[in-house]
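Asker: Here's a structure for you.
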Amino acid sequence: MAGVKVIVTLLAAALMFAGAVFGAQDRPRLLGAPVEVDDADNDEGFQRALQFAMVEYNRASNDMYSSRVVRVISAKRQLVSGIKYVMKVEIARTTCPKPATDLQNCAFHEAPEMSQHTICDFVVYTVPWLNHIKLLASSCH
């Protein structure tokens, strides 16, 4: 009899766990929680934040060439007292010397020793209605 109670208890616990896991998909997200930027290439706010991060990166870099984004690895948006964008991008050195004004028309170096691909994490805070933008964090490796 004790064995049946244990099996029933374990079955009930498994069903409750499964319900919690599958039910979580239908729950609304927490207000203010970071969310994925669905289409980073076409999200105007994200692109402005990314462009700002790259201008700041190039300004701080001692490299004589400008770098630009090769690809976006991850992009998140968080609604705070403004909008915080958290991004991970791959960047590479271009053939354009600094300061380059139109990075999108700058070709990447073709030689591997010159291209210097790097992964960077940027956090950009923006308050669009106040025209305020700030790079909160920048880390490249």
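Asker: Which one of these is over 17 Å from residue 52 (Cα atoms) and either buried (at least 17 other Cβ atoms within 10 Å of the Cβ) or modelled with pLDDT of 95 or more (or both): 94, 126? Working first, answer last.
Answerer: Working: 126 fails: over 17 Å from residue 52 (Cα atoms).
It is 94.
Asker: If you don't mind, there's one more thing I want to ask. Of the numbered conditions (1) more than 10 Å from the chain's Cα centre (by Cα); (2) in contact (Cβ under 8 Å) with a residue 12 or more places away in the chain; (3) open to solvent by 60 Å² or more (accessible area, probe 1.4 Å), residue 33 fails exactly one; give the number of that condition.
Answerer: (3)
Asker: For the stretch 40-74, which positions are in contact (Cβ under 8 Å) with a residue 60 or more places away in the chain and open to solvent by 40 Å² or more (accessible area, probe 1.4 Å)?
Answerer: 48, 52, 56, 57, 60
Asker: Just checking, how many residues over the stretch 113-141 are aromatic (Phe, Trp, Tyr) and assigned to a strand (DSSP E or B)?
Answerer: Residues flagged as aromatic (Phe, Trp, Tyr) and assigned to a strand (DSSP E or B) within the stretch 113-141 amount to 2.
Asker: Among the numbered criteria (1) surrounded by 13 or more Cβ atoms within 10 Å (Cβ to Cβ); (2) assigned to a helix (DSSP H, G or I); (3) not hydrophobic (A, V, I, L, M, F, W, C), which one does residue 78 miss?
Answerer: Only one criterion in (1) surrounded by 13 or more Cβ atoms within 10 Å (Cβ to Cβ); (2) assigned to a helix (DSSP H, G or I); (3) not hydrophobic (A, V, I, L, M, F, W, C) is unmet by residue 78, namely (2).
Asker: Can you tell me which residue is modelled with the highest pLDDT among those in the stretch 43-72 that are part of a helix (DSSP H, G or I) and either among the β-branched types (Val, Ile, Thr) or in contact with a helix residue (DSSP H, G or I) (Cβ under 6 Å, 6 or more places away or on another chain) (or both)?
Answerer: Restricting attention to the stretch 43-72, the residues satisfying the condition of being part of a helix (DSSP H, G or I) are 44-60.
Narrowing further to those that are either among the β-branched types (Val, Ile, Thr) or in contact with a helix residue (DSSP H, G or I) (Cβ under 6 Å, 6 or more places away or on another chain) (or both): 46, 55.
Details: 46: 98, 55: 95.
Among those residues, the one meeting the criterion is 46.
Asker: Right, another one. Give the residues of the stretch 114-123 that are under 14 Å from the mean Cα position of the chain (by Cα) and surrounded by 15 or more Cβ atoms within 10 Å (Cβ to Cβ), sorted by residue number.
Answerer: Just the residues of the stretch 114-123 that are under 14 Å from the mean Cα position of the chain (by Cα), to begin with: 119-123.
Answer for the stretch 114-123, where residues must be under 14 Å from the mean Cα position of the chain (by Cα) and surrounded by 15 or more Cβ atoms within 10 Å (Cβ to Cβ): 120, 121, 122, 123.
Asker: Then there's this: From 24, 33, 75, which residue is aliphatic (A, V, I, L, M) and either modelled with pLDDT of 95 or more or touching a Pro at 6+ places or on another chain (Cβ under 8 Å) (or both)?
Answerer: 75
Asker: In the stretch 69-102, what residues are under 19 Å from residue 134 (Cα atoms) and of a type in the set (Lys, Arg)?
Answerer: 76, 77, 84, 88, listed by residue number.
Asker: If you don't mind, another one. Only one of these is open to solvent by less than 70 Å² (accessible area, probe 1.4 Å), out of contact with any strand residue (DSSP E or B) (no Cβ under 7 Å at 6 or more places or on another chain) and modelled with pLDDT under 95: 111, 100. Name it.
Answerer: Exactly one residue qualifies, and that residue is 111.
The values are calculated or read from the model by the stated rules, or taken from the named source; none is laboratory data. As the structure is a prediction and not an experimental result, all values here were calculated from the model. So basically every Cβ, Gly included, is an ideal-geometry build from the backbone, and we count neighbours across all protein chains shown. To get the accessible areas, we keep the full protein, side chains included, count just its heavy atoms, and leave off ligands, DNA and RNA. Shrake-Rupley method; radii C 1.70, N 1.55, O 1.52, S 1.80 Å.
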